[in-house]
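Working notes, beginning with the structure itself.
The values are calculated or read from the model by the stated rules, or taken from the named source; none is laboratory data. What you see is a predicted model, and the numbers here were worked out from it, not measured in a lab. Ideal geometry is used to build each Cβ from the backbone, glycine not excepted, and the neighbour counts take in all protein chains shown. To get the accessible areas, we keep the full protein, side chains included, count just its heavy atoms, and leave off ligands, DNA and RNA. Shrake-Rupley method; radii C 1.70, N 1.55, O 1.52, S 1.80 Å.
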Amino acid sequence: AEQDNGHPLPAYANLIIEILDENNQAPYFQFATYQGYVSESSPVGTTISASANLTAPLEIIALDNDIEETKDPMVKITLDDYTTIFSLTPTGIIRYLRILNPVDREKQMTYTFR
């Protein structure tokens, strides 16, 4: 603090505030819809496939413009009422859907998540 003969002088300073662009854009998925396939005889833990021939895993890609494309967007994806049947890897840009319990085509042929 500055003083003039023992008396304090008013001090002024310029304060610059920079507003950072953070969390103002909603996360999104690479595709509007995803379709996966799994065999009725698949064991628990099987990853849902991207094709009917079951050759490649279904990759659910979550992105967020608030962070770099190479970083995990840290979004939480819910599975509606199917959390006892399927699980989704909780982190990563690419998420995988797996079977938690056996599926039976006669009981339910398709599952739809929103």
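For the chain, a simple Cβ point-charge model (Lys and Arg +1, Asp and Glu -1, everything else neutral) yields a dipole of about 820 debye relative to the Cα centre. With protein chains left intact and a 1.4 Å probe, residues in the chain average 80 Å² of accessible area per residue.
For the chain, with all protein chains in place and a probe radius of 1.4 Å, 52% of the accessible heavy-atom surface sits on carbon or sulfur. In this simple spin-label approximation, N65 and Q108 carry label points 7 Å from Cα along the Cα→Cβ vector, and these lie 3.5 nm apart.
Taking every pair of alpha-carbon atoms in the range 47-105, give the share separated by more than 12 Å as a whole percent. Counting every Cα pair in the range 47-105, those more than 12 Å apart make up 69 percent.
Rg and Dmax, both from the Cα atoms of the range 1-55 and both in Å, are 31.4, 91.
How would you order 32-41, 93-102 from highest to lowest mean count of nearby Cβ atoms within 10 Å?
Per-residue Cβ counts within 10 Å, averaged per peptide and sorted highest first, yield 93-102, 32-41.
Under the definition of Cα pairs under 8 Å and six or more residues apart, what whole-number percent is the relative contact order of the chain? After rounding, I find 23 percent. Panel values: the chain, Kirkwood radius from alpha carbon pairs, Stokes-Einstein at 37 °C and 0.692 mPa s, translational diffusion coefficient 184 µm²/s. The packing ranking of peptides 78-86, 59-67, 5-13, highest mean first, is 59-67, 78-86, 5-13, where packing means the average number of other beta carbon atoms within 10 angstrom of each residue. In this calculation the C-beta distance from T83 to Y37 is compared with R0 = 30 Å, giving a FRET efficiency of 0.90.
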